[in-house]
1. Taking the options B:Gly298, B:Gly303, B:Gly267, name whichever one is closer than 20 Å to A:Pro334 by Cα and of a type outside the set (Asp, Glu).
2. Residues of the stretch A:134-168 being buried (at least 24 other Cβ atoms within 10 Å of the Cβ) and of a type in the set (Gly, Ala, Ser), which ones?
3. Can you list the helices (runs of 4 or more DSSP H) found entirely within the stretch A:98-207 that contain at least 3 residues being in the same structural domain as A:Ser239 (by TED's automatic domain parsing) and hydroxyl-bearing (Ser, Thr, Tyr)?
4. Looking at this structure, is B:Arg17 farther than 28 Å from B:Phe381 by Cβ, touching a residue at least 24 places away in the same chain (Cβ under 8 Å) and either surrounded by 15 or more Cβ atoms within 10 Å (Cβ to Cβ) or not assigned by TED's automatic domain parsing to the domain that holds B:Ala335 (or both)?
5. Looking only at the stretch A:184-222, count every residue that is of a type in the set (A, V, I, L, M, F, W, C) and in contact with a Phe, Trp or Tyr (Cβ under 7 Å, 6 or more places away or on another chain) and tell me the total.
6. Check the stretch B:58-65 and report whether any residue there is over 27 Å from B:Val407 (Cβ atoms) and among the hydrophobic types (A, V, I, L, M, F, W, C).
7. Go through the stretch A:334-409 and tell me which strands (runs of 3 or more DSSP E), entirely inside it, have 3 or more residues that are crowded, with 24+ Cβ neighbours inside 10 Å, more than 10 Å from chain B (Cβ to nearest Cβ) and touching a residue at least 40 places away in the same chain (Cβ under 8 Å).
8. Any chance the stretch A:42-52 includes a residue that's in the same structural domain as A:Val407 (by TED's automatic domain parsing) and in contact with a helix residue (DSSP H, G or I) (Cβ under 8 Å, 6 or more places away or on another chain)?
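The values are calculated or read from the model by the stated rules, or taken from the named source; none is laboratory data. Please read all numbers here as calculations on a predicted model, not as lab measurements. Quick reminder, even Gly has a Cβ in these numbers, built from the backbone with ideal geometry, and neighbours come from all protein chains shown.
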Protein chains: 2
Amino acid sequence: MRTLIKNSHILTMDAKRTEYSDGYIIIEDDEILGIGSYVHFSKQETDFDEVIDAHQTIAIPGMVNTHTHIGMVPFRSLGDDYPDRLRRFLFPLEKACMTKELAYHSGKYAIAEMQMAGITTFADMYYFEDALAQATDEMKSRAILGETVVDFPTCDAPKSHGGIGYAEEFIPKWLDHELITPAIAPHAPNTNHSQALKKAAALSEKYNIPMTMHVAEMDYEMNYFSEKYNATPIEFLQSIGVLSTRFIAAHCIHVSDHDLQILKQEGVGVAHCIGANTKSAKGVAPIKDMLNLAIPVGLGTDGPSSGNTLDLFTQMKLVANFHKTALHDRTAFPAKEILAMATIEGAKVLNMANEIGSLEVGKKADIVLVETKSVNMFPIFDPYAALVYSANASNVQDVFINGTTIVRDKQLVNYDLMDLRSNLTIEMAHFSKKAKELA
Amino acid sequence: MRTLIKNSHILTMDAKRTEYSDGYIIIEDDEILGIGSYVHFSKQETDFDEVIDAHQTIAIPGMVNTHTHIGMVPFRSLGDDYPDRLRRFLFPLEKACMTKELAYHSGKYAIAEMQMAGITTFADMYYFEDALAQATDEMKSRAILGETVVDFPTCDAPKSHGGIGYAEEFIPKWLDHELITPAIAPHAPNTNHSQALKKAAALSEKYNIPMTMHVAEMDYEMNYFSEKYNATPIEFLQSIGVLSTRFIAAHCIHVSDHDLQILKQEGVGVAHCIGANTKSAKGVAPIKDMLNLAIPVGLGTDGPSSGNTLDLFTQMKLVANFHKTALHDRTAFPAKEILAMATIEGAKVLNMANEIGSLEVGKKADIVLVETKSVNMFPIFDPYAALVYSANASNVQDVFINGTTIVRDKQLVNYDLMDLRSNLTIEMAHFSKKAKELA
């Protein structure tokens, strides 16, 4: 199967940030076979199974969401502005109402939302990851799926740290999947015993899979490690030997210079969730300092309960405005650098930059066409600026994952969004009733 | 002409923040004749010229953009991340390329963008306001249009402060228009002689029209008044007697407690442009302190060169995240309060709250229906949260201004967007060429 995309303004996001203002991309099966300026295109269009005229679009690599919780769509718009949201809504509802079926239908909906927003790869942390892997497989997205481990009984594990046992079955089952990488995801440093963290790290090493965790996110997390160990969470994690290049640290809001040195030394990547972090008033992670040390930093939507929208356009704007303001420098984080964080740098965080994150020959064909016909996309003197400062998720027109057309003309190719919503609504009945009682 | 809107979830934004979860609105000519729960609807549908079934929508008052520059669409995505943007791009291009015709076509495009984003009223500051009034009249938006006054020759006035003379003709010409309020708009305290500011204030008083100005926005503005007068810009403006309830102060980033007392005492309203202020690293205006003093605070997109998108959904998210973070309080600025700033509080800033800003019997029929069918709008436990944290401008489905249907099913009723863009593109030829030379 060979597809030609022509007449797009291509931002490759390769190391040189090559652009083709009137470019073409050749997809063969799951890979990019060719890319360049159309003036240098020498093949016959009749050699292709499909030719897509992508005029009035900007082509970018599929976006990489380095941290989310796809099972949490049911929580969206519930108790956003409450002080005790986690304990008032999230934990009780997860305990009482989260099921394998609800996670599965939530996952499918969340993946649809991400696909329609141009996210082709995501890293998840939740419960029932086997059901979420099923959902991901059906939706044909690329993903790292991390089973949660935490020191209390959960909806998918009746005993503390039961996620370890769950993962021991889950990981080998999905290890050879073309698009899915199973992973282990301890909830946070302060919500796990160190023995469980070590077991998780051992699984990560044994299978050579990612380990992802919320790190240095909460004030009480910082206080806990300071009081108990006279250390930061990152110092603690290093001391028990669980950090590695396979480790993906979400948030990292409260980090010291020494913490940054540790992240650098251990090869840890950071999932920066600016929207969720600032909506919850937790603070702004010092990612400029991380980037100065060449620590990989990608963007994360966080879950739909914390970040609300599962798109990186929202996040890119927030990254620009928060970090320019924090640094008192309007030239900081230029648009091109922010788009890199949403694509190739995110791929580096996930250790997938050999396969995805840029549009280059030999990489997987994860491609997004953003239309520039809509009112907000004119004029365009700088396509990076248009994507970061003007675009929103609704501008995403076509999405290819692993060479397959997933979204065409802003519609899912293989699914009816209303069906996905109906199925989720039905499955949410108990959850919704209980949620309204708590509000 | 009588129209019935039914089956919408209505957020009236009246003083009690009344909601109707299955509500109706009756429009007669330019006014809201009735509103309530559909269970109490007692009329015959056949009595209406049109019945709109607004299922799966949230109805809100037309949004109020308290500060923008509609003539500046041509500047969008040009030099966003440059340190010297104002002097490198904006001033030279305005001087060399801005014409009455370009302002007019830019204005029409900007108004279309705002209408499609649910903004029914805006306050503008630019040059060639007579041409922009023509554009506003044709597009049928409600607006305050302020002619700029500044201490150097401009594209529409060959002498310093020539805007005063322009305004003396412009104001009486549009004074009796149903939807347009002409106004006077000195650029900033530091870019006008005090005699010009006094003349502008005299015009504002003579015609009982608004005076709007950038205030306390720039570091160098603060330094200038500190060094020259040992005062803040707001103290200076009060000392020369130009502040009043007719005054709309844009930005107000750098304000002292005394400044806030002055704004309160003089009855000045504030246009808070969080997106533009933070993208340019200028800072976050202390609007919580303003609101604590009952100073009216509305939201502004600023111009498309500074704020990039002409919609208030983008601004609402930024208000939430920036102010929650600044106050270290996730419960600060709950979604309902932010939607109020985008509607009824904005109307108060413009001294138009008797006519617009909420959905109430007797008010003008400026109404927006936001669809909840799109992927980002599910589930909805709290419609305010859905609008502030999830929605984007593309969710706006139908817009009524002064009782007239302006947008239906996400399309302009009276205009083809591509025509507006083509016209603007043609008019921009010289501008675009020059802009590329400067980049």
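1. B:Gly303
2. A:Ala135, A:Ser141, A:Ala143, A:Gly146, A:Gly163, A:Ala167
3. Of the helices (runs of 4 or more DSSP H) lying wholly inside the stretch A:98-207, those with at least 3 residues that are in the same structural domain as A:Ser239 (by TED's automatic domain parsing) and hydroxyl-bearing (Ser, Thr, Tyr) span A:100-116, A:194-207.
4. Criteria not met by B:Arg17.
5. Counting residues in the stretch A:184-222 that are of a type in the set (A, V, I, L, M, F, W, C) and in contact with a Phe, Trp or Tyr (Cβ under 7 Å, 6 or more places away or on another chain) gives 1.
6. In the first step, residues of the stretch B:58-65 are kept if they are over 27 Å from B:Val407 (Cβ atoms); the result is none.
The answer is no; no qualifying residue exists.
7. In the stretch A:334-409, the matching strands (runs of 3 or more DSSP E) lie at A:367-371, A:396-401.
8. Initial filter on the stretch A:42-52 (in the same structural domain as A:Val407 (by TED's automatic domain parsing)): A:42-52.
When the remaining residues are screened for being in contact with a helix residue (DSSP H, G or I) (Cβ under 8 Å, 6 or more places away or on another chain), the result is A:51.
Scanning the stretch A:42-52, I find at least one residue that is in the same structural domain as A:Val407 (by TED's automatic domain parsing) and in contact with a helix residue (DSSP H, G or I) (Cβ under 8 Å, 6 or more places away or on another chain), so the answer is yes.
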